[in-house]
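Undergrad: Got a structure for you, written out below as structure tokens; questions coming shortly.
The values are calculated or read from the model by the stated rules, or taken from the named source; none is laboratory data. Nothing here was measured: the structure is a model prediction, and the numbers come from that model. Don't worry about glycine lacking a Cβ; one is built from the backbone with ideal geometry, like all the others, and counts go over all protein chains shown. Side chains included, ligands, DNA and RNA excluded: accessible areas come from the protein's heavy atoms. Shrake-Rupley method; radii C 1.70, N 1.55, O 1.52, S 1.80 Å.
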Amino acid sequence: MNYELRIKNYFVPLQPNSNILHYFIFMINSQDIKKGTAIRMDGSIWVCIDFQHRKPGKGNTIMIIKLKNVSDGRVLERRFNIGEKLEDVIIERRPYQYLYEDQSGRIFMNQETFEQIPIDNDLVIGHEFMKESDIVEVVSDTTDGTILYAEMPVKTILRVTHSEPGIKGDTATNTLKPATLETGVEVRVPLFINEGDLIQVDTRDGSYLARAKE
């Protein structure tokens, strides 16, 4: 059996039949970081959510990278010199379907293997808007299989279960009122939205996007 280790775009064969456990650190150049790239920094794993190249006057080009901490959601901006080495975290993204909730947490099913696993609420971005059968993207560290986080799609459609009666003929969207959705979360909606309506919301901040069709 041949064992191979991926380093950048090269494959380095490892010695077969070895009982020694190797731990490899993958490095990435700062200019190769893109949205979705994960790095290990200051003892935590961070995911790039935005980046830009900037050349300050006559100085060298630098990378401005906005990073999000996968553990606590903190966002920060860091500057790196071109060519600066960072520890790369090889991550895997797979679709999982939300099934139900029990004492162990929210139960999800891998859409490829049908394996069912629990994921803590704190790791699910947008869980307030998640209902049974929704598909989320689960991101894990391929080094040890640790689940880093799961993420709802940016847009989802939910039914309004409670709201004060709307004003007939009022189509203004700049005046909002509270409304409770089928998952129990409360959002702000235009005055013309009524109980029973389907609406599209942004799972990142709960903002109302549009009325949805049945």
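Undergrad: For the stretch 123-161, run through the GluC sites (Glu not before Pro) and keep only the ones in DSSP coil with at most 12 other Cβ atoms within 10 Å of their Cβ.
TA: Counting only loop positions with at most 12 other Cβ atoms within 10 Å, the GluC sites (Glu not before Pro) in the stretch 123-161 are Glu132.
Undergrad: Run the numbers on the chain and let me know its relative contact order in percent, using alpha-carbon pairs under 8 Å that are six or more apart.
TA: Reported relative contact order: 12 percent.
Undergrad: Here's a follow-up. What three numbers, in Å, describe the spread of the alpha carbons of the stretch 19-118 along their principal axes, ordered from the longest?
TA: Sorted from largest, the Cα extents of the stretch 19-118 read 58, 38, 24 Å.
Undergrad: Same structure again: Testing the spin-label approximation: label points 7 Å from Cα along Cα→Cβ at Arg188 and Leu99. State their distance in nm.
TA: Taking the simple label geometry, Arg188 and Leu99 are separated by 3.9 nm.
Undergrad: Hand me the tally of lysine pairs in the chain: alpha carbons under 15 angstrom apart, and the pair either on different chains or 8 or more positions apart.
TA: Lysine pairs satisfying the spacing and distance rule in the chain number 10.
Undergrad: Could you check the simple spin-label distance between Glu214 and Thr142, using points 7 Å along Cα→Cβ, in nm with one decimal?
TA: 4.7
Undergrad: Also: How far apart, in nm, are two points set 7 Å out from the Cα along the Cα-to-Cβ line at Lys85 and at Ile64?
TA: Each label point lies 7 Å from its Cα, and together they span 2.8 nm.
Undergrad: On to the next question. For the chain, what class follows from the C-alpha gyration tensor (a ≥ b ≥ c being the square roots of its eigenvalues): rounded when a/c is under 1.5, otherwise prolate if a/b is larger than b/c, else oblate? Let's see the in-between values first.
TA: Working: a/c = 3.35, a/b = 1.63, b/c = 2.06.
Oblate, because a/c is 1.5 or more while a/b does not exceed b/c.
Undergrad: I'd like the carbon and sulfur percentage of the solvent accessible area for the chain, probe radius 1.4 Å, heavy atoms only, ligands and nucleic acids excluded.
TA: The computed percentage sits at 49.
Undergrad: Then there's this: If you count only protein heavy atoms with a 1.4 Å probe, what accessible area per residue comes out for the chain, rounded to a whole Å²?
TA: Spelled out: the 1.4 Å probe surface of the chain, per residue, equals 63 Å².
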